[in-house]
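Trainee: One structure coming up, written as structure tokens, with questions to follow.
The values are calculated or read from the model by the stated rules, or taken from the named source; none is laboratory data. Everything numeric in this text was worked out from a predicted model, so none of it was measured. Every residue, glycine among them, receives a Cβ derived from its backbone with ideal geometry; neighbour counts consider all protein chains shown.
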Amino acid sequence: MTNKAKHLLLNYLREQGLKWTPERERVLQEAMGTEGHFEAEELVFRLRKKRSRISKATVYRTLPLLVKAGLIKEAIHGEKHHHYEHIHEGERHDHLICLKCGKIVEFKKEALRGIEEEICKENEFRPQKVLIEIFGYCKKCQ
């Protein structure tokens, strides 16, 4: 975990009148130390494997705080749960998601950014969050 991540979360918590706790710090460390997409349950499992006594509820309550602080984002909205990933400034990608095996393929198409901008401009709309998720079947599962 970087000092920048800790500083961003500390500032966000202070602004919201929330406390900095050792449990929130451990969730932050685990989330920031995770590469690629992850789910809340994965973090719970990894924290317990490290003998951390953080409750599942604490993990589920802390992840939205990390999203609001700008440290991670909800990347994929599944039927019953979300996948998260780090926010990398200036970099944006979208997802192809296999309905059968759950495989996630990241893709980048700069042309999509232009279309999104055009649509928002035409409708005098200021976007806050844009997600493109294409659900279907990967080559192996077709």
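Trainee: Tell me the residue from 8, 18, 13 that is surrounded by 12 or more Cβ atoms within 10 Å (Cβ to Cβ), touching a residue at least 60 places away in the same chain (Cβ under 8 Å) and either of a type in the set (Ser, Thr, Tyr) or farther than 27 Å from residue 97 by Cβ (or both), please.
Mentor: 8
Every residue, every condition in (1) out of contact with any Pro (no Cβ under 8 Å at 6 or more places or on another chain); (2) under 23 Å from residue 72 (Cβ atoms); (3) surrounded by 11 or more Cβ atoms within 10 Å (Cβ to Cβ); (4) outside the structural domain of residue 74 (by TED's automatic domain parsing), yes or no:
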| site | (1), (2), (3), (4) |
| --- | --- |
| 103 | yes, yes, yes, yes |
| 106 | yes, yes, yes, yes |
| 116 | no, yes, yes, yes |
| 120 | no, no, yes, yes |
| 127 | yes, yes, no, yes |
| 130 | yes, yes, yes, yes |
| 141 | yes, no, yes, yes |
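Trainee: On to the next question. Do we have any residue at all in segment 48-57 that's within 25 Å of residue 12 (Cα to Cα) and basic (Lys, Arg)?
Mentor: Checked against the condition, which is being within 25 Å of residue 12 (Cα to Cα) and basic (Lys, Arg), segment 48-57 yields at least one hit.
Trainee: Now for a separate question. With the condition kept exactly as written, say whether any residue in segment 40-60 is touching a His at 6+ places or on another chain (Cβ under 9 Å) and aromatic (Phe, Trp, Tyr).
Mentor: Checking segment 40-60: not a single residue is touching a His at 6+ places or on another chain (Cβ under 9 Å) and aromatic (Phe, Trp, Tyr).
Trainee: Any residue at all in segment 7-18 that is closer than 28 Å to residue 106 by Cβ, in a helix (DSSP H, G or I) and among the polar types (S, T, N, Q)?
Mentor: So far as segment 7-18 goes, no, none of its residues is closer than 28 Å to residue 106 by Cβ, in a helix (DSSP H, G or I) and among the polar types (S, T, N, Q).
Trainee: Within segment 21-39, can you find the residues that are over 12 Å from residue 66 (Cβ atoms), assigned to a helix (DSSP H, G or I) and of a type in the set (Asp, Glu)?
Mentor: Within segment 21-39, just 23 meets the criteria.
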